[in-house]
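Q: Here it is, the structure in full.
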Amino acid sequence: MTLLQIHAAAVCAWFGLIAAEAVLELREHEPAERRLIASIHAWIDILIEVPLIALVLVTGAMLLARAWPAPPLLMLKVGAGLIAVVANLICVVLVRARVKATDDACVSKLTRQIRFTGLATPFGLAAMIIGFGFLAPH
């Protein structure tokens, strides 16, 4: 597998995982369900999502170094991807805080903030479209 293929596979896996987490997060839940969803999401983040983000960042940095000096379209892709990464890392912090929260009002507030980080999804999609559609080797 080439470095580009590893990067692309990690990006696709990350997006699939985000879609699965969205299914968990976007349903309305009873207080007891919220605690279970918070715990499941936290374990997904620790075991799968954070390692995938790290893999995307490392392989992306290596690919960028190979292409340096980078053309503007590649820099646009990198910028959009970094917005998605930062938002996702903020989400990881919020998910960890939600697991530790002791009252339902705090859990509800953190859940809304977690959902808000989903607004960065179009940036990640833009980066993926640029990468697969315009920058992929032909």
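The values are calculated or read from the model by the stated rules, or taken from the named source; none is laboratory data. Bear in mind the structure is a predicted one, so any value in this text is a computation, not a measurement. Every residue, glycine among them, receives a Cβ derived from its backbone with ideal geometry; neighbour counts consider all protein chains shown. To get the accessible areas, we keep the full protein, side chains included, count just its heavy atoms, and leave off ligands, DNA and RNA. Shrake-Rupley method; radii C 1.70, N 1.55, O 1.52, S 1.80 Å.
Q: Name the single residue, out of those in the stretch 1-11 being in contact (Cβ under 8 Å) with a residue 24 or more places away in the chain and open to solvent by 50 Å² or more (accessible area, probe 1.4 Å), that is nearest to residue 94 (Cα to Cα).
A: My answer is 6.
Q: Here's a follow-up. Can you confirm whether residue 38 is modelled with pLDDT under 95 and part of a helix (DSSP H, G or I)?
A: Spelling it out, residue 38 is indeed modelled with pLDDT under 95 and part of a helix (DSSP H, G or I).
Q: Please go through the stretch 84-95 and give me each residue that is open to solvent by 50 Å² or more (accessible area, probe 1.4 Å) and closer than 13 Å to residue 56 by Cβ, ordered by number.
A: If the condition is that a residue be open to solvent by 50 Å² or more (accessible area, probe 1.4 Å) and closer than 13 Å to residue 56 by Cβ, then 86, 89 are the ones that fit.
Q: Turning to a different aspect of this structure: Is there any pair linking a residue in the stretch 58-77 that is within 16 Å of residue 129 (Cα to Cα) and in a helix (DSSP H, G or I) to one that is open to solvent by 80 Å² or more (accessible area, probe 1.4 Å) and among the aromatic types (Phe, Trp, Tyr), with Cβ under 9 Å and at least six apart or on different chains, and which?
A: 73/134; 77/134
Q: Hey, another quick one. What residue, of 35, 98, 112, is loosely packed, with under 14 Cβ neighbours inside 10 Å and among the basic types (Lys, Arg)?
A: The conditions single out 112.
Q: Report whether or not residue 66 is open to solvent by less than 60 Å² (accessible area, probe 1.4 Å) and more than 15 Å from the chain's Cα centre (by Cα).
A: Criteria not met by residue 66.
Q: Residues 47, 26: which one is surrounded by fewer than 12 Cβ atoms within 10 Å (Cβ to Cβ), of a type in the set (A, V, I, L, M, F, W, C) and farther than 27 Å from residue 3 by Cα?
A: After ruling out the rest, the residue left standing is 26.
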